[in-house]
Each structure stands twice: as structure tokens, then as C-alpha cells.
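The structure appears right after this line, and notes come after that.
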Amino acid sequence: METMAIKPSKTELKQVSETPFNFPDRETLRQAWNIFVFSSIFAVLFNAFYSDGIELKFTPPKPFHIMDRLKQDPPAVETSPGWKTPGPKVVHPRPAPTLAADQIPRVSLMGVENRFDKKSCVFLDARKPEEYKEGHIPGALNLFANDLDKNLPLVIPQLPDRGREIIAYCHGGDCDLSLLAAKALRDAGYTKVGIFDGGWPDWKKSGYPIAKGETP
Amino acid sequence: MKLEDILNDKTLTFAGAGLTAFWCWVRFGQPFFGGKNGEKAVLTLLRLACGLLLTGASLDKLGDPAHFSKLISQCYDFIPASLNPLTAVVVPWLEFFAGVSLLLGRKWRGAAFLFCGLMVLYSLAILWDLNHGIDCNCGCFKMDSPEKMSWWTLARDIGFLAMGFIVLVSPGGYAALDRSTSLNS
């Protein structure tokens, strides 16, 4: 009986641990952390062996990109509606040659709609053929920019006029496909190549018509 | 009727809100079914509801990380692109295991903490999207559901958060595997 008095019994211990409003205690955080670590490891392993798993690529941001952003270029000037010409170029020393993103004009959604209505340019869908099949801007040609060697020779015969304006687009945001396609076309001798910044998501939201299938 | 149909239904939210209100009444109001036991029953139901919610929400995303990754890049684009695949793979499994923990009552308090954390993150994400006018399917329960994100979705998530919080700070209910939460009286 005396030992019982000194040492708390199991029931007493339980009652202590059942006291409400004991948050945030260490035990809760430890449990949550355990579940988090367990599910993360399980998820990554499962994904590695799962047939429909996706590629887990993690690219840490490069420090000199941040430095480039600090030294901002002068704002782009809108010369005609929707067509932005980059302002005077400030040369920053760069450690490695990167895609010359600044030199390809960007076109806003308004500018794209304007051109679509007037049929004054050719659209170029730089996404995968499957995505192109699911939906694209009516009349757009497909040039999947991850496979330029194969696709570029197929597209160039369809664009005989090198002076015609070509607007490339992809998923919008920070997708590089349209940039790659535009750069390849410019290198192939096309003089008026632009990029539709908003890309497919913006077009879909705009309510303009969408074409489906493999043909433009 | 599929599990998602029931979970996606507004009835579940009303049930959760009802249970929450009932808990408040039992806790701060008059005793019911002999006081504490009634409270424990409600807490058990709340815990199971939270577990069912999380598990049900994860099921559709577990099998198709590519689709979920696409949905994240379209609708929740404040998540940096470098973290996108990792999020698409880890979050559904986190939901799943936290949900199973809540259902089984094993490490349920930690799981309830995760539930609250996830709900806070989801609410912030929805708020961000609503503020930026991103018209998107929220992908909360089913990625292809036609339900668009709205203030109702946000209110629902905050309701879920309230449920999870009550479970988190509660002393626990019946039918839990954890020793510290088993019924001993």
C-alpha cells in the first residue's frame, strides 16, 4: 500500500495524460513529426517503384539568378498594342551564357487576342503533342520544343514567309518551351518571333475558341 | 453511392458543424448521458469524421501523382516549381497516413495536429487563389470534380479546422489504439 502512495498507479498516469488542453506539448509535436517523416519516406519510395510515379527533380535556385534579379533591366516599352519591345539593354556580367530571354518580345493576352482576330500572325504551340491534341489555339502549329531536331524540319516548310510574325506559347508562367521554340525559329531566320507570356492557361480563361485534335 | 459522393456532400460539413456545436453544448452546457461519457462519444465521432475526411480526400490523389502535380502547377502556382513534384507525391500520403492514424486512434493527437496544419495551409491556398481570381477546381476530394473553388470551399475548410482543433485539444474518446486515450473509467 505504501509503494502505491509513492508511485502513481497506471490509472493515475492515464488520467494525467488525458487532461484536456495540454497543447502544444512535446508528445503531440513528436507524433506529428513521426507521421510526417514516415509518410514522406513511404511516399518517395512508393513513387520510385510505382508504374505511374513521377520524376522527383529538385533544382535549388542558383545564387547568381537572384543577383540578376536585383539588377533589374529597364521596363519594356509597349510600341504597338500588345507588342512589347525591350528597353535599352543593360549588360550584366554573367558566369554562363543563358537563354537570351530578354531579347524575345513578350506579347500580352490582349495583344494575342488582337492578332487572333486580325489573323495577323501564326501561333506556335510548344507543348507536347498530347497536350496539343487536347486543345490549342485554332490555327496553331505544334512544335514540341523538347524535341527540336525532329520537329523543326517538319514545321519550317509550313512557314514559308520568314518575315511573318510568329507567336510561341506553352503552359505560361515560367515554362521554357516557348522560349526554346522561339529561339530556334529566330536562329532559323525568322525575323518577327514573339512569346505569349500567359500561354495556354490564359487563353483557356479568355473564353476564345479552342481547337482540338492533331490538326491546326 | 461512392465514398467521395458522401464526403463531397455538404451534409458532411453540416454534420461536422452539428457535432461541434453539440460538443460545445455538452462541454459548457448541461450534462448529457451522464456527463463525460456523452462528451467522449462526440469526440470519438469527431475524430473518426476527421480521419474519414483525410483518408477520403487522399484516395483520388494517391494513384495519380502526375495529374495532381499538373493541378498544383495550374491552380496553386505559388508553390515553387522545384517543389512541385515532391509536394504532389508527399501530400496525398501525408493525408492518408494522418487520416488512418485518426481512424485507428494511434498517435491520433499528432495526426490531429497535422490535420489542423493541413487545413490551415489549404485555407490559405484557397484564400490566395480567390484573391488572385484564379478560377480553378480545388481538387479537395476529387481532382476532376466540376466543383469550382469558392468562398463556400473556404468556409468548409475553416469548419473542418474547427473540428480538428477540438479533437486536438480534447482528452480523447473511445475506440483508440493509443494507451493514453483508452477508456479507463
**OP:** Keeping to segment A:146-171, report how many residues are touching a strand residue (DSSP E or B) at 6+ places or on another chain (Cβ under 8 Å) and either part of a loop (DSSP other than H, G, I, E, B) or open to solvent by less than 10 Å² (accessible area, probe 1.4 Å) (or both).
**Re:** 9
Original post:
What number of residues within segment A:172-200 are within 14 Å of A:Ala126 (Cβ to Cβ), of a type outside the set (D, E, K, R) and open to solvent by 40 Å² or more (accessible area, probe 1.4 Å)?
Top reply: 2
Subject >> Test set (1) under 26 Å from B:Arg47 (Cβ atoms); (2) open to solvent by 60 Å² or more (accessible area, probe 1.4 Å); (3) more than 14 Å from chain A (Cβ to nearest Cβ) - B:Phe160 fails condition number >> reply: (2)
Original post:
A:Tyr132 passes all but one of (1) surrounded by fewer than 19 Cβ atoms within 10 Å (Cβ to Cβ); (2) away from chain B (no Cβ under 14 Å); which number fails?
Top reply: (1)
**OP:** Specify the residue that is nearest to the other protein chains (Cβ to nearest Cβ); the eligible residues are those in segment B:123-157 that are among the acidic types (Asp, Glu) and not in a loop (DSSP other than H, G, I, E, B).
**Re:** B:Asp129
**OP:** Identify, by number, the condition in (1) open to solvent by less than 10 Å² (accessible area, probe 1.4 Å); (2) more than 8 Å from every other protein chain (Cβ to nearest Cβ); (3) over 17 Å from the mean Cα position of the chain (by Cα) that B:Asn84 doesn't meet.
**Re:** (1)
Original post:
Which of the residues spanning segment B:94-122 are facing another protein chain (nearest Cβ under 7 Å) and open to solvent by less than 30 Å² (accessible area, probe 1.4 Å)?
Top reply: B:Leu94, B:Ala98, B:Ser101, B:Arg109, B:Gly110, B:Ala111, B:Leu114
Subject >> Residue pairs meeting the criteria (Cβ under 9 Å; at least 6 apart or on separate chains; first in contact (Cβ under 8 Å) with a residue 24 or more places away in the chain, in segment B:158-173; second hydroxyl-bearing (Ser, Thr, Tyr) and crowded, with 23+ Cβ neighbours inside 10 Å) >> reply: B:Pro171/B:Thr181; B:Gly172/B:Thr181; B:Gly173/B:Thr181
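The values are calculated or read from the model by the stated rules, or taken from the named source; none is laboratory data. None of the values given here were measured: they were computed from a predicted structure. Note: ideal-geometry Cβ built from the backbone for every residue, glycine included; neighbour counts use all protein chains shown. Surface accessibility is based on the protein's heavy atoms, side chains included, excluding ligands, DNA and RNA. Shrake-Rupley method; radii C 1.70, N 1.55, O 1.52, S 1.80 Å.
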